[in-house]
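Everything on this sheet refers to the single structure shown next.
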Amino acid sequence: MESLTTVKVLKRRPASAKLICRIDASALVAVLFVLILHLLLIQGSTHEGVSVDLPKVVFPRAMRGAGRDDAMLVSVFRDGKVFFGNELINSGELSAKIRQFLSSRPERRVYVSADARVRYSAVLDVLEGVRSAGIENVSFFVEQCRNRPRLR
């Protein structure tokens, strides 16, 4: 008879001791949101999953017009690939692409995003294409050094 009473006691659990069988997905959604936001912010300096490691300088200058949608952006990657906007081109085609772009827009400035480890000859080819298109204003994207040298 005693064994029956112990079984009854085990079956009666308080409401707070019941198991919860739900998955809380709010943490998962929060992490996914942060990852998507991070990828969207990085997208401006990447093409096909490859990012441009910009050269570092001590005293950079702000370029106000570089963030516009209609700005002429030329990217030169470490392997020598050249992009005009989001289109992969040869450096020889750059002059014609810039002239075509200038036919519909009045701005005469090119923003160059060159990898810090790209060969100098690849950057010179891009600059030659820009100059042959009649553009004299060229700006380079750089990053600011975190540690500034001390002046004595």
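The one condition from (1) modelled with pLDDT of 90 or more; (2) out of contact with any helix residue (DSSP H, G or I) (no Cβ under 7 Å at 6 or more places or on another chain); (3) acidic (Asp, Glu) that Glu107 does not meet is (1).
Filtered by the rule that a residue be free of Cβ contacts under 8 Å to residues at least 12 places away in the same chain and not acidic (Asp, Glu), region 82-95 gives Ile89, Asn90.
Residues in region 51-63: is at least one under 18 Å from the mean Cα position of the chain (by Cα), over 30 Å from Asn147 (Cβ atoms) and surrounded by 15 or more Cβ atoms within 10 Å (Cβ to Cβ)? No; the residues of region 51-63 include none that is under 18 Å from the mean Cα position of the chain (by Cα), over 30 Å from Asn147 (Cβ atoms) and surrounded by 15 or more Cβ atoms within 10 Å (Cβ to Cβ).
Among the numbered conditions (1) over 22 Å from Pro60 (Cβ atoms); (2) part of a loop (DSSP other than H, G, I, E, B); (3) not aromatic (Phe, Trp, Tyr), the only one that Leu94 does not meet is (2). Could you tell me whether any residue of region 110-127 is within 23 Å of the chain's Cα centre (by Cα) and of a type in the set (S, T, N, Q)? Checked against the condition, which is being within 23 Å of the chain's Cα centre (by Cα) and of a type in the set (S, T, N, Q), region 110-127 yields at least one hit. Criterion applied to Gly129, Gly80 was being part of a loop (DSSP other than H, G, I, E, B) and in contact with a Ser or Thr (Cβ under 9 Å, 6 or more places away or on another chain), and the one residue passing it is Gly80. Counting only residues that are of a type outside the set (Phe, Trp, Tyr) and under 16 Å from the mean Cα position of the chain (by Cα), which one in region 72-86 is farthest from Val110 (Cα to Cα)? Looking at residues that are of a type outside the set (Phe, Trp, Tyr) and under 16 Å from the mean Cα position of the chain (by Cα), I get Arg78. The single condition among (1) in contact with an Asp or Glu (Cβ under 7 Å, 6 or more places away or on another chain); (2) assigned to a strand (DSSP E or B) that Val110 does not satisfy is (1).
The values are calculated or read from the model by the stated rules, or taken from the named source; none is laboratory data. No experiment lies behind these values; they were computed from the predicted model shown. Quick reminder, even Gly has a Cβ in these numbers, built from the backbone with ideal geometry, and neighbours come from all protein chains shown.
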